[in-house]
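A.B. asks: Okay, handing you the structure first.
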Amino acid sequence: MQNKRQIGFMIAILVGVFAGLVIGWLLIPAQVKNAPLESLRGDYQADYVLMVAEKFAADQDVLTATALLRDIKPSDPAASIKEALILGQQLGYSPRELQLITLLQTAMGASSNAAPITPTTEVTP
C-alpha cells in the first residue's frame, strides 16, 4: 500500500514539473526587455564609465566616448564622469583606473567645482 502511494507521489511530482516547464517555456514564455543603461545602479554605471575611459585611452575618440556616455546620462555625460570618479574612490578603483577616468574627464573638458582627481601613477594609452 505504501509503495503505491510513493509511486503516485513521484508521478504527481513529475507531472507537475513537466506541466510547469511546458507552460513556462512554450505557452507563456517570459518577455525579454531591454532596460536603458541609465537605470543601472551607480556602481555599474561607474564600471561603464571606466570601460568608456579605457576605450578612449586606446582610440582617443572624444565623439565616440561622448556618445557612449550619453547612454547613461543623456542630458549631461560629464556628470557621469564626476560620479564615476567619486564612486571609483569609494569602491577602491586602482590609481590607473582613476587616472583613465580623469584622462577622459580632461579630454571632454568636463568642468567641476573641485579640481579633477589625479592619482600618482601615470597612464600611457
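What follows is calculated from the coordinates using simple rules that are stated; it is not laboratory data. Worth saying up front: this structure is predicted, and the values here are computed from it rather than measured. With ideal geometry, Cβ positions are generated from the backbone for all residues, glycine too; neighbour counts draw on all protein chains shown.
A.B. asks: Percent of Cα-Cα pairs per 10 Å bin, from 0 to the last occupied bin, for segment 37-108, please list those.
C.D. replies: With 10 Å bins starting at 0, P(r) equals 23, 60, 17.
A.B. asks: Something else: Could you size up the charge dipole of segment 37-108 around its Cα centre, putting +1 on the beta carbon of Lys and Arg and -1 on that of Asp and Glu, and report it in debye to the nearest 20? It would help to have the intermediate numbers written out before the result.
C.D. replies: Details: 6 positive and 10 negative charges, 22 e Å.
In total the dipole reaches around 100 debye.
A.B. asks: How many angstrom separate the Cα center of segment 1-18 from the Cα center of segment 63-81?
C.D. replies: One Cα centre to the other: 58 Å.
A.B. asks: Magnitude of the Cβ-charge dipole of the chain, K/R +1 and D/E -1, about the Cα centre, nearest 20 debye?
C.D. replies: 840
A.B. asks: Enumerate the amide H contacts of residue 40 below 5 Å, restricted to partners 5 or more residues apart or on another chain; note that Pro and chain-start residues carry no placed amide H.
C.D. replies: Residues meeting the criterion, in which the H sits 1.01 Å from N, do not exist here.
A.B. asks: OK, next. Dipole of the chain (Lys/Arg Cβ +1, Asp/Glu Cβ -1, origin at the Cα centre): which of 22, 93, 44 lies farthest to the positive side?
C.D. replies: 22
A.B. asks: Could I ask something else about it? Need the list of lysines near residue 33 for cross-linking: C-alpha distance under 24 angstrom, and skip anything on the same chain fewer than eight residues off.
C.D. replies: Once the sequence-local lysines are set aside, what remains near residue 33 is 73.
A.B. asks: Scanning the chain for trypsin sites (Lys or Arg not before Pro) in DSSP loops with at most 11 other Cβ atoms within 10 Å, what's the longest stretch left with none?
C.D. replies: 42-125
A.B. asks: Moving on to the next point. Mind jotting down a quarter of the surface of the convex hull over the alpha carbons of the chain, in square nanometres, one decimal?
C.D. replies: Its average projected convex-hull area is 13.3 nm².
A.B. asks: Quick one: which residues, 5 or more positions from residue 72 or on another chain, have an amide H under 5 Å from its amide H? H modelled 1.01 Å from N in the peptide plane, none for Pro or chain starts.
C.D. replies: Amide H neighbours of residue 72: none.
A.B. asks: I've got another one for you. Only helical DSSP H runs with n ≥ 4 go in: add -39500 (n - 2.57) per run for the chain, normalise by residue count and round the 222 nm mean residue ellipticity to 500 deg cm²/dmol.
C.D. replies: Calculated at 222 nm, the ellipticity per residue is -20000 deg cm²/dmol.
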